[in-house]
Amino acid sequence: MNAPPLPTDGDDPRRLPTSARVRARLIAAGSRWHANDNIAAHLKAGELDELQAEVQAHMQQVLQALVIDTESDHNTQETAKRVAKMFVREVFRGRYEPMPEVTEFPNVSRLNELMIVGPITVRSACSHHLCPILGRVWIGVLPNEHSNLIGLSKYTRVCDWVMSRPQIQEEAVVMLADALQERVKPDGLAVVMEADHFCMHWRGVKDNDTAMTNSVMRDAFLRDPTLRREFLSLLSKKQQPR
Ligand SMILES: [Zn+2]
């Protein structure tokens, strides 16, 4: 099977690889495009298909560089295509898709009790090795009468959107907290993430006991140790973190 041709540079900007056009737009807009940034606002219709094709072509070259005979080896004939689809449409889609629609409801019953959402299953990948990170997230919200409330399933969708990118766990929890803070505007917000990093199991030290826990505590959760204790104790009752 022949690899699709690599996109080529040329004098005509329309013939630049799609990734180069998108990058030029990001630079012009002064936007960051780190691995865990969302660049959906800078993509035009159809460009995600073009990016996927570009990744596929390069992935085919990676397989060639690994001296894998993708022509005779029936197992790897479609690997470049599968990996490109997996990266762009599945595991890193949180970079390319806009934030999921979140309907906000006014807090008509003026709820001001601690609310805990979780455990939410987290699937991500580390920015360093692109190895899977599998874990769980708990979210604590202390609403006030002006807070917007969002449906329970929306916490899961926002979490999934933030995590479906190459991430660093310490940054992932902050990004998730920021996304929720902006929507819910609570008096206090807490995010706890506990995850297994497969780059530790699969390579490197091959340590099997490498769960990592990170937390973000904001506003009322920072000021009020009783609230913080209440959150952490309810969380451990719901499911004992390892
Ligand atoms: Zn790693």
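The values are calculated or read from the model by the stated rules, or taken from the named source; none is laboratory data. Keep in mind the model is a prediction, meaning the values are calculated, not measured. Neighbour counts run over all protein chains shown; Cβ positions are idealised from the backbone, glycine included.
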**Request:** Kindly indicate whether V174 is under 28 Å from M200 (Cα atoms), at pLDDT 95 or above and surrounded by 19 or more Cβ atoms within 10 Å (Cβ to Cβ).
**Result:** no
**Complete:** When the stretch 156-174 is checked residue by residue, the ones that are under 24 Å from L222 (Cα atoms) and either within 16 Å of the ligand (Cβ to nearest atom) or not β-branched (V, I, T) (or both) are C159, I168, Q169, E170, E171, A172
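Mind counting the residues in the stretch 88-99 that are among the hydrophobic types (A, V, I, L, M, F, W, C), away from the ligand (no atom under 16 Å from the Cβ) and assigned to a helix (DSSP H, G or I)? So that I can check it myself, show each step before the final result.
Of the residues in the stretch 88-99, the ones among the hydrophobic types (A, V, I, L, M, F, W, C) are 88, 91-92, 99.
Applying the additional criterion that residues be away from the ligand (no atom under 16 Å from the Cβ) yields 88, 99.
Now drop any that are not assigned to a helix (DSSP H, G or I), which leaves 88.
The qualifying residues number 1.
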**Request:** Show the residue pairs that are 6+ apart or on different chains and have beta-carbon atoms under 9 Å apart, the first residue being within the stretch 104-132 and without any contact (Cβ under 8 Å) to a residue 40 or more places away in the chain and among the hydrophobic types (A, V, I, L, M, F, W, C), the second being within 16 Å of the ligand (Cβ to nearest atom) and assigned to a strand (DSSP E or B).
**Result:** L130/P166
**Prompt:** If only one of G135, G118, G140 is part of a strand (DSSP E or B) and within 16 Å of the ligand (Cβ to nearest atom), which one is it?
**Reply:** G135
**Message:** Out of P166, P143, I need the residue that is surrounded by 15 or more Cβ atoms within 10 Å (Cβ to Cβ), modelled with pLDDT of 95 or more and in contact with a helix residue (DSSP H, G or I) (Cβ under 9 Å, 6 or more places away or on another chain). Which one?
**Reply:** P166
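Can you report the number of residues in the stretch 184-211 which are within 23 Å of N148 (Cα to Cα) and crowded, with 19+ Cβ neighbours inside 10 Å? Please lay out each step first, then the result.
Of the stretch 184-211, the ones within 23 Å of N148 (Cα to Cα) are 184-192.
Adding the requirement that they be crowded, with 19+ Cβ neighbours inside 10 Å leaves 184, 186-192.
Qualifying residue count, the stretch 184-211: 8.
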**Prompt:** So S153 fits all but one of (1) under 22 Å from H129 (Cβ atoms); (2) more than 16 Å from the ligand (Cβ to nearest atom); what number is the exception?
**Reply:** (1)
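Out of the residues in the stretch 209-225 that are over 24 Å from the mean Cα position of the chain (by Cα) and outside any helix (DSSP H, G or I), which is farthest from the ligand (Cβ to nearest atom)? Let's see the steps before the verdict.
We begin by selecting, within the stretch 209-225, every residue over 24 Å from the mean Cα position of the chain (by Cα); these are 219-225.
Cutting the leftovers down to outside any helix (DSSP H, G or I) gives us 219, 224.
Details: D219: 32, D224: 35 Å.
The qualifying residue farthest from the ligand (Cβ to nearest atom) is D224.
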**Considering residues of the stretch 175-208 that are assigned to a loop (DSSP other than H, G, I, E, B), charged (D, E, K, R) and within 16 Å of the ligand (Cβ to nearest atom) only, the residue nearest to P119 (Cα to Cα)** = D207
**Asked** Among the residues of the stretch 22-50 satisfying the criterion of being in contact (Cβ under 8 Å) with a residue 24 or more places away in the chain and not in a loop (DSSP other than H, G, I, E, B), which is surrounded by the most Cβ atoms within 10 Å (Cβ to Cβ)?
**Response** V22
**Item:** Conditions (1) away from the ligand (no atom under 16 Å from the Cβ); (2) outside any helix (DSSP H, G or I); number of the one not met by A125
**Value:** (1)
**Message:** Suppose we keep only residues that are of a type in the set (A, V, I, L, M, F, W, C) and surrounded by 15 or more Cβ atoms within 10 Å (Cβ to Cβ) within the stretch 212-233. Which one would you say is farthest from H146 (Cα to Cα)?
**Reply:** L232
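Could you tell me whether any residue of the stretch 102-113 is in a loop (DSSP other than H, G, I, E, B) and among the acidic types (D, E)?
Quick first cut of the stretch 102-113, residues in a loop (DSSP other than H, G, I, E, B) only: 102-103, 107-113.
The next check asks that each one be among the acidic types (D, E); those that pass are 113.
Looking through the stretch 102-113, at least one residue is in a loop (DSSP other than H, G, I, E, B) and among the acidic types (D, E).
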**Request:** State yes or no: is V102 at pLDDT below 95, loosely packed, with under 15 Cβ neighbours inside 10 Å, more than 16 Å from the ligand (Cβ to nearest atom) and among the aliphatic types (A, V, I, L, M)?
**Result:** no
